[in-house]
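A short write-up of the structure that comes next.
The values are calculated or read from the model by the stated rules, or taken from the named source; none is laboratory data. Because the structure is a prediction, the values reported are computed rather than measured. Cβ atoms come from the backbone with ideal geometry, glycine included; neighbour counts cover every protein chain shown.
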Amino acid sequence: MLVASLAVSLFVGCGSSKEGAANNDAGQTESADTAASEEALDELTFTYVTSPLNVPSIIDKDQKIFEKAFEGTKVNYAEITSGADQTQALASGDVQVLYAVGATSVILSAANGGDIKVVNMYSRSPKAFCLFAKDDSIKSPEDLVGKTIAGPTGTNLHELLAAYLATAGLSIDDVNFVNMGIPDAKAALEGGSIDCALLAGAAAYQTQSQGYNLVTDGEGLINAIIAVAVTNEFYEAHPEVIEKLESAQKEILSYISENEDEALAAVATELDLDEAAVKDMYQYYDFSLEITDEDKAGFQRTADFMYEAGMIDEEFDTSTLF
């Protein structure tokens, strides 16, 4: 009986030790997973894009609002102005939040299988996107036929030109469209090597101030949507980050509303512009965060334009982005 009792005791002891070890291993695994998650969020990187007039981005950095919202996490800023480079940085994990990315870039990424989700809106500014001509006689879409027009392809400005031509039953094929960045397009217009230039933001404001012919702006033609985006994977894994992000965005807008003169002065300094010019341009921007039905419709119109322009291979349903 004594031997049997000792045997049972030893068996139970071994079982308890194994169970304890298993529980300990499970606890260590869970702790490791938690630590890995926390380690991944030791740093957060946001894109920092100031043009054409990205007031919230400038004010966030000036007032350190994201830094305060994510206290304990190192906040980094990546100055990536190209939409394609932004979505690539998001896919690689170099950036976690695209804080101001164009609808065209979001759609292009998603249509090519990229993992991307729109969190909320950044801005809408159709009147800030313009088509200028040196010749005052150019006043209609028909007047553009055969003309050389420069601007950045695959952007709100490209869409503006297509939409304007379409009002007269025309297309991009009816003009000589040259892919050119905004500064180069402005210089080419001034130098006379092109007939028209597609310009936005400060460049558009300066060109109009110089007396060039404003053929059209984007009002009624495009939505000129800029959004805030992350990956679906990040959105699902870190709801607390998304909550803090949206709270911080609201704080930024509140600061701008309550301290407009100071905020626009900071923007003028950052962009090296006259304060009066910034105030004039600011009225063209809607920085509200809510994703409206009109925003969703605008995304779909942009996707349809991209498909018709051959920028994406298949029609794309933008409702999957939200």
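Tabulated values for the structure
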read-out: Residue list for the range 134-159, filter: modelled with pLDDT of 95 or more and either of a type in the set (Ser, Thr, Tyr) or touching a helix residue (DSSP H, G or I) at 6+ places or on another chain (Cβ under 8 Å) (or both); value: 137, 138, 140, 141, 144, 145, 146, 148, 149, 150
read-out: Set 222, 226: member being of a type outside the set (S, T, N, Q), touching an Asp or Glu at 6+ places or on another chain (Cβ under 7 Å) and within 24 Å of residue 116 (Cβ to Cβ); value: 222
read-out: Subset of the range 63-107 that is under 13 Å from the mean Cα position of the chain (by Cα) and in a strand (DSSP E or B) - its residue that is surrounded by the fewest Cβ atoms within 10 Å (Cβ to Cβ); value: 78
read-out: Residue within the range 301-318 that is within 26 Å of residue 253 (Cα to Cα) and at pLDDT 95 or above present; value: no
read-out: Candidates 263, 237 - the one that is out of contact with any Pro (no Cβ under 9 Å at 6 or more places or on another chain), small (Gly, Ala, Ser), over 28 Å from residue 301 (Cβ atoms) and crowded, with 17+ Cβ neighbours inside 10 Å; value: 263
read-out: Elements of type strands (runs of 3 or more DSSP E) in the range 108-172, at least 3 residues being closer than 30 Å to residue 237 by Cβ and not β-branched (Val, Ile, Thr); value: 117-124
read-out: Filter pass, residue 47 being of a type in the set (Ser, Thr, Tyr), buried (at least 18 other Cβ atoms within 10 Å of the Cβ) and touching a Phe, Trp or Tyr at 6+ places or on another chain (Cβ under 8 Å); value: yes
read-out: Residues of the range 290-308 classified as crowded, with 16+ Cβ neighbours inside 10 Å and not in a helix (DSSP H, G or I), total; value: 1
read-out: Only one of 81, 104 that is within 21 Å of residue 249 (Cα to Cα) and either in the same structural domain as residue 60 (by TED's automatic domain parsing) or modelled with pLDDT of 95 or more (or both); value: 81
